[in-house]
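First the structure, in the form of structure tokens, and then the observations on it.
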């Protein structure tokens, strides 16, 4: 599974899905062919995050998802016996 993010093409404005491994690299819009640098911000004035920072965030989210899928730990509370007749 490759981690992806989306970014608006600065030329045509359409959303482009980009592999996280291409952050900071020149990519081409599959809609209009325009080339631009892949970043995880859309011109909002914030500096793009580094690939390492983005991957750290991805790892954190995946770890949280794994924890939420884990069944609850058994308690040490006594279990009442059920007798069938």
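Each reported figure results from applying straightforward, stated rules to the coordinates on display, with no laboratory input. If you're wondering where the values come from, they're calculated on a predicted model, not measured in any experiment. Here the Cβ is made from the backbone with ideal geometry for all residues, glycine too, and neighbour counts use every protein chain on show.
Going by average Cβ neighbours within 10 Å, how do the peptides 21-29, 57-65 rank, with the highest at the top? Write out the running numbers ahead of the final one.
Numbers: 21-29: 14.9, 57-65: 11.1.
Sorting 21-29, 57-65 by mean packing, highest first, produces 21-29, 57-65.
Assuming 0.36 nm per residue, please report the length gained on full extension of the stretch residue 34 to residue 60 beyond their Cα-Cα distance.
Length difference between fully extended and current span is 6.1 nm.
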